[in-house]
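The values are calculated or read from the model by the stated rules, or taken from the named source; none is laboratory data. Just so we're clear, the structure is a prediction, and the values are computed from it rather than from any experiment. Cβ sites come from the backbone with ideal geometry, for glycine too, and all protein chains shown count toward neighbours. The protein model used for the area step is the full one, side chains on, heavy atoms only, and it has no ligands, DNA or RNA in it. Shrake-Rupley method; radii C 1.70, N 1.55, O 1.52, S 1.80 Å.
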Amino acid sequence: MRICIVGAGIAGCHAAFDLAADHDVTVLDRVGIAAEATGYSAGLVAPTQYYPDRPAIARHANGFFADFDGSHGFEFTERDRLDVVTEAEAETVRSTADELADAGFPVDYLAADEIPDRYPRIRPDGFAGAVRYGDTGWVDPYTYATALKAAAEADGATFEVGVEVENVRLGRTDDHAARTDDHVIRTDDGRYEADAVVLAAGWRTRSLLPGDLEVPIRPYRTQCVVLEPETPLGDSTPTGRIGSEHLYFRPEHNGDLLIGGAHDTIADPRAASTDADESFTLEVAGFAPTFFEGFDDAGLLNGWAGVDTASPDTRPIIDSPVGAPDSLVVATGFNGLGVMTSPVVGPTVRQRLTGEPAPFPAETFAADRFDDVGTDFEYVSTSEV
Ligand SMILES: Cc1cc2nc3c(=O)[nH]c(=O)nc-3n(C[C@H](O)[C@H](O)[C@H](O)COP(=O)(O)OP(=O)(O)OC[C@H]3O[C@@H](n4cnc5c(N)ncnc54)[C@H](O)[C@@H]3O)c2cc1C
């Protein structure tokens, strides 16, 4: 099958990686590899935390990162993760932790006073404790995308960057005027023909859908800041999330600290600044010394912002839009978790296009799970799930 993938972010690269061995795959991107949300990502990996209700999905994603480690320059840095909770949140997360532990995941609950013994740079004053995940870590998102690209190219895929897709016209399936069965992908520089199209164009995916097809996605902006502590963080420093503060964190390889957060829906993603806002930087500067040891005189190194794509239930849509032929699939709506969720993209796209079963319940990503395909749904940040 000739498959054209639009977008070389992590979703498009992962689809290419899984399809290239037995299909004729071309990936088109208007800018470059990992040029948008993927390149701005903090690279945190914690599928077990976000898919406790779908253990097969968490296991598949965790297994992928472990297996792909060392391929084409890709490195998965394993590091514990703490989901830090308030007294009000503790009961619910403790029961989820117990269920995950019973299902064989390396997850347990630590009371606040147990945390500094294990992680000396964390001061969880005012918090009840944290769920500790032991199958988590982080990746460099750009290297991850380019490693998937290299693997896909080794299997025969072609990547063309600087090519902007303007529209997609379906073949005979829905357009009686079409002269062939091919889907036609029209770009700023010509046209491509394909038997199947995968739209992995982030928040722009919606505008590329032909005819009156729709999927419920909307753009939002989110930010990161990097701080240099008085003394570098050591190898035992975990990654983590503090949901009540809408913040997450991870150490850098050199002992600096990345803190991310600030999820805001935006009306005009094209005009969104890629700089961190002063208000977010001040929020992080105020919070860090209260939670991390050795940050009273921390330096601000840099900060940035990127635009990602939300869906109504915080999980991606990897499927043919309702009313579309099976040969048109979208992979979008990753809600700030697209790097860690990316291992599901390839198998789910394969299932949609070829019928080959995915090794997890791919209906989680079905397009028809939403009654309303509009864009005015209430945005839910993944710091709240
Ligand atoms: C600041 C920040 C921090 C994040 N931290 C994490 C994290 O720690 N862990 C995690 O798992 N996720 C994180 N994410 C989320 C993650 O980065 C995204 O969910 C993921 O990268 C989305 O990948 P994508 O391929 O769907 O989209 P993108 O990476 O945006 O890729 C879409 C691609 O499509 C191309 N494109 C668009 N329109 C066209 C067109 N018309 N023609 C051709 N090409 C087109 C674009 O150029 C782009 O390269 C973060 C995101 C941000 C912004």
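I want to confirm something. Restricting to the stretch 70-81 and keeping residues that are open to solvent by 10 Å² or more (accessible area, probe 1.4 Å) and not small (Gly, Ala, Ser), which single residue is nearest to Lys149 (Cα to Cα)? Per the stated criteria, the residue is His72.
Being over 27 Å from Leu247 (Cβ atoms), away from the ligand (no atom under 15 Å from the Cβ) and open to solvent by 10 Å² or more (accessible area, probe 1.4 Å): is that true of Pro347 here? Yes. The condition of being open to solvent by less than 30 Å² (accessible area, probe 1.4 Å), in contact with a strand residue (DSSP E or B) (Cβ under 7 Å, 6 or more places away or on another chain) and in a loop (DSSP other than H, G, I, E, B) holds for only one of Ala276, Ala262, that being Ala276.
Residues in the stretch 354-374 that are part of a helix (DSSP H, G or I), touching a helix residue (DSSP H, G or I) at 6+ places or on another chain (Cβ under 8 Å) and open to solvent by 30 Å² or more (accessible area, probe 1.4 Å): Glu363, Arg369.
Restricted to the stretch 195-222, and to residues there that are surrounded by fewer than 18 Cβ atoms within 10 Å (Cβ to Cβ) and either closer than 15 Å to Thr265 by Cα or touching an Asp or Glu at 6+ places or on another chain (Cβ under 9 Å) (or both), the residue that is modelled with the highest pLDDT is Asp195.
In summary, Gly32 fulfils each of the numbered conditions (1) open to solvent by 30 Å² or more (accessible area, probe 1.4 Å); (2) within 15 Å of the ligand (Cβ to nearest atom) with the single exception of condition (1). Within the stretch 35-69, can you find the residues that are in contact with a Phe, Trp or Tyr (Cβ under 7 Å, 6 or more places away or on another chain), in a helix (DSSP H, G or I) and buried (at least 19 other Cβ atoms within 10 Å of the Cβ)? Correct list: Tyr40, Thr48, Gln49, Ile57, Ala58, Phe65, Phe68. Residue count for the stretch 1-29, restricted to those that are near the ligand (Cβ under 6 Å from one of its atoms) and not in a loop (DSSP other than H, G, I, E, B): 6.
When Gly129 is tested against the conditions (1) open to solvent by less than 10 Å² (accessible area, probe 1.4 Å); (2) within 16 Å of the ligand (Cβ to nearest atom); (3) not aliphatic (A, V, I, L, M), the lone failure is (2). From the list Glu228, Glu153, Glu160, the lone residue that is within 16 Å of the ligand (Cβ to nearest atom), over 30 Å from Ala97 (Cα atoms), in contact with a strand residue (DSSP E or B) (Cβ under 8 Å, 6 or more places away or on another chain) and of a type in the set (Asp, Glu) is Glu160. Among residues of the stretch 195-208 being out of contact with any Leu (no Cβ under 7 Å at 6 or more places or on another chain) and not in a strand (DSSP E or B), the one that is farthest from the ligand (Cβ to nearest atom) is Asp195. So is Tyr192 surrounded by 15 or more Cβ atoms within 10 Å (Cβ to Cβ), farther than 25 Å from Gly336 by Cα and within 14 Å of the ligand (Cβ to nearest atom) or not? Yes, satisfied.
Of the residues that make up the stretch 82-94, is at least one crowded, with 17+ Cβ neighbours inside 10 Å, in contact (Cβ under 8 Å) with a residue 40 or more places away in the chain and touching a His at 6+ places or on another chain (Cβ under 9 Å)? No, because not a single residue in the stretch 82-94 is crowded, with 17+ Cβ neighbours inside 10 Å, in contact (Cβ under 8 Å) with a residue 40 or more places away in the chain and touching a His at 6+ places or on another chain (Cβ under 9 Å). The numbered conditions (1) within 9 Å of the ligand (Cβ to nearest atom); (2) among the hydroxyl-bearing types (Ser, Thr, Tyr); (3) not assigned by TED's automatic domain parsing to the domain that holds Val163 are all true for Thr48 except (1). All told, Gly104 meets the bar of being at pLDDT 95 or above and part of a loop (DSSP other than H, G, I, E, B).
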